[in-house]
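The values are calculated or read from the model by the stated rules, or taken from the named source; none is laboratory data. Everything numeric in this text was worked out from a predicted model, so none of it was measured. Cβ sites come from the backbone with ideal geometry, for glycine too, and all protein chains shown count toward neighbours. To get the accessible areas, we keep the full protein, side chains included, count just its heavy atoms, and leave off ligands, DNA and RNA. Shrake-Rupley method; radii C 1.70, N 1.55, O 1.52, S 1.80 Å.
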Amino acid sequence: MEVPLNPLGREEIHRLESILLFATLFRPEVIELIKDPAERLTWVDSLAVAAGAIAREKAGMTVREIADELGRTEATIRKHLKGETKAGQLVRETYELIKAGKLDELVRNVEVLAKGGQLVALEEYEKLKRSLAELKAQLDELRKENEELKGKLEKARETIAAIEQKLGEIKNLL
């Protein structure tokens with residue numbers, strides 16, 4: 001699924017907003033910031049507002065429309081959009097990282113988690129591990145078959161040589 005960097009419509013706005021929020025929350029420096037329980041709720045709220053503001057800005061909404069929709073003042077929205085808040089800076093950086101393709105795996109995992117699934121990397125690892133075991137077993141079987149075929153080929157060559165020798169002897173008798 002592709003990230004709607006310039007969303008069209010509500011569904012794409014909400015998808016970009018969610019991806020921006022979760023991708024920002026999973027950045028190591030943000031995890032450090034939200035470790036303090038006293039600050040956590042404030043940070044998460046600010047990041048959510050900043051993600052919502054930036055997603056709507058990318059959809060072409062005005063500051064007033066964004067403020068009305070998010071229930072914040074126009075001044076607060078402007079600060080987030082201009083990067084005058086730490087939350088606004090972090091979400092904007094996340095947007096740029098996504099745009100540059102530097103968070104592709106994280107974005108895929110966020111999308112899977114948003115759909116109630118497990119992380120793609122873990123699922124993919126287990127699937128590849130099973131495939132590897134199956135391929136190794138098939139390789140062992142093919143090696144055994146190869147050895148058997150080599151033996152049969154050698155016997156066939158010996159039989160052909162013996163037949164050619166007998167044919168030669170028969171020709172000499174005629």
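In square angstrom, what is the accessible area per residue of the chain with a 1.4 angstrom probe? Intermediate values should be presented prior to the final figure.
Numbers: 12000 Å² over 174 residues.
Using a 1.4 Å probe on heavy atoms only, each residue of the chain averages 69 Å².
Here the Karplus relation 6.51 cos²θ - 1.76 cosθ + 1.60, evaluated at θ = phi - 60°, turns the backbone of the range 134-145 into coupling constants of 5, 5, 5, 5, 5, 5, 4, 4, 5, 5, 4, 4 Hz, with x for every Gly and Pro. With K and R counted +1 and D and E -1, the other residues having a Cβ less than 15 Å from that of Glu65 yield a net charge of +1.
Over the chain, Cα pairs under 8 Å with separation of 6+ residues give a relative contact order of 18 percent.
Under 13 Å of direct C-alpha separation, and excluding same-chain neighbours fewer than eight residues apart, Lys150 reaches these aspartates and glutamates: Glu158.
Net length available on complete extension from Glu154 to His14 is 43.5 nm, with 0.36 nm assigned per residue and the Cα-Cα distance removed.
When Rg/Rh (Cα atoms, Kirkwood Rh) is computed from the coordinates, the matching label among (1) 1.56; (2) 0.93; (3) 1.20 is (1).
Placing +1 on the Cβ of each Lys and Arg and -1 on the Cβ of each Asp and Glu in the chain, which of Leu8, Ser131, Trp43 has its Cα farthest towards the positive end of the resulting dipole? Of Leu8, Ser131, Trp43, it is Ser131.
So for each of 93-103, 132-142, 14-24 I average, over its residues, the number of other beta carbons within 10 Å; can you give me the resulting order with the highest mean first? Provide the component values of the computation, followed by the final result.
Details: 93-103: 16.1, 132-142: 10.0, 14-24: 21.7.
The most tightly packed comes first, giving 14-24, 93-103, 132-142.
Accessible area per residue (1.4 Å probe, heavy atoms of protein chains only) ranks Ile163, Ile31 as Ile163, Ile31, with the largest value leading.
For the pair Asp68 and Leu142 in one chain, pulling the backbone fully straight at 0.36 nm per residue adds 19.9 nm over the alpha carbon distance.
By accessible area, using a 1.4 Å probe on protein heavy atoms only, the chain has 56% of its surface on carbon and sulfur. Separation of the range 1-60 from the range 84-101 is 9 Å, based on Cα centroids.
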